[in-house]
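See structure below.
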Amino acid sequence: MDLNEGWRMKHFDPGAGEETGAFIPELDDSAWISATVPGDVHTSLLLAGVIPEVFYDMNIERVQWIEDREWWFRTSFEAPPHPEHGEVRDLLTFDGLDVFATVYLNGEPLGSHANMFRPAVFDVTTRLSFGHPNLL
């Protein structure tokens, strides 16, 4: 299942995303910016018209604030039907998460990852909600 569509993102002061409950499924994220996934924060901000072209003129100095923020991404999805037998495992795989990331599913932490160049794989077999939206 491809989860590259429907992502939204928002920045917070460092540590404030978790304090605000950015991982809580009921949080209203309608004011969050659409995010391009796979992609990066700069590209999504540029496409949303929030920042100027980074590598033009002296714009790199105007976007330095991005590096000092904590970025949260969210999307929801319907889990595919799950077989009745217990032999199938549901794995959530990220091929590239930024250097430090904590992943939540339906408001609960799945785990953390700290290497952009290695896939992050989480077993979500017992954590998916079937027949209801899942928030990642």
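Some notes on this structure:
- T43 fulfils the conditions (1) open to solvent by 50 Å² or more (accessible area, probe 1.4 Å); (2) in contact with a Ser or Thr (Cβ under 9 Å, 6 or more places away or on another chain); (3) on the phi > 0 side of the Ramachandran plot except for a single criterion, (3).
- Close contacts from segment 55-83, counting a first residue that is free of Cβ contacts under 8 Å to residues at least 24 places away in the same chain and open to solvent by less than 80 Å² (accessible area, probe 1.4 Å) and a second that is in a loop (DSSP other than H, G, I, E, B) and of a type outside the set (A, V, I, L, M), with Cβ to Cβ under 8 Å and a gap of 6+ residues or different chains, come to N59/P52; N59/E53; V63/P52.
- Residue under evaluation F130, criteria (1) free of Cβ contacts under 8 Å to residues at least 24 places away in the same chain; (2) more than 19 Å from the chain's Cα centre (by Cα); (3) over 21 Å from G17 (Cα atoms), criterion not met: (1)
- Being in contact with an Asp or Glu (Cβ under 8 Å, 6 or more places away or on another chain) and under 19 Å from W7 (Cα atoms) is a condition met by no residue of segment 107-115.
- Residue satisfying all of: in segment 20-36; among the polar types (S, T, N, Q) and in a loop (DSSP other than H, G, I, E, B); nearest to N106 (Cα to Cα) among these: S30
- Scanning segment 92-119 for residues that are open to solvent by less than 50 Å² (accessible area, probe 1.4 Å) and more than 19 Å from W32 (Cα to Cα) yields a count of 7.
- Segment 71-91: number of residues that are modelled with pLDDT of 95 or more and more than 19 Å from S34 (Cβ to Cβ): 0
- Cross-chain or 6+ apart pairs with Cβ under 9 Å, segment 29-53 first and within 12 Å of R8 (Cα to Cα), then open to solvent by less than 50 Å² (accessible area, probe 1.4 Å) and charged (D, E, K, R): D29/R74; W32/R74; A35/R74
- Some residue of segment 22-40 being of a type in the set (S, T, Y) and in contact with a Pro (Cβ under 6 Å, 6 or more places away or on another chain): no
- Filtered residue count, segment 8-40, keeping only those that are closer than 21 Å to V99 by Cβ, of a type in the set (D, E) and either exposed (fewer than 14 other Cβ atoms within 10 Å of the Cβ) or in contact with a strand residue (DSSP E or B) (Cβ under 9 Å, 6 or more places away or on another chain) (or both): 2
The values are calculated or read from the model by the stated rules, or taken from the named source; none is laboratory data. Note that the coordinates shown come from a computational prediction; the quantities given were computed from them, not determined experimentally. No Cβ is skipped: glycine too gets one built from the backbone with ideal geometry, and neighbour counts run over all protein chains shown. Protein only, heavy atoms only, side chains kept; ligands, DNA and RNA dropped before computing areas. Shrake-Rupley method; radii C 1.70, N 1.55, O 1.52, S 1.80 Å.
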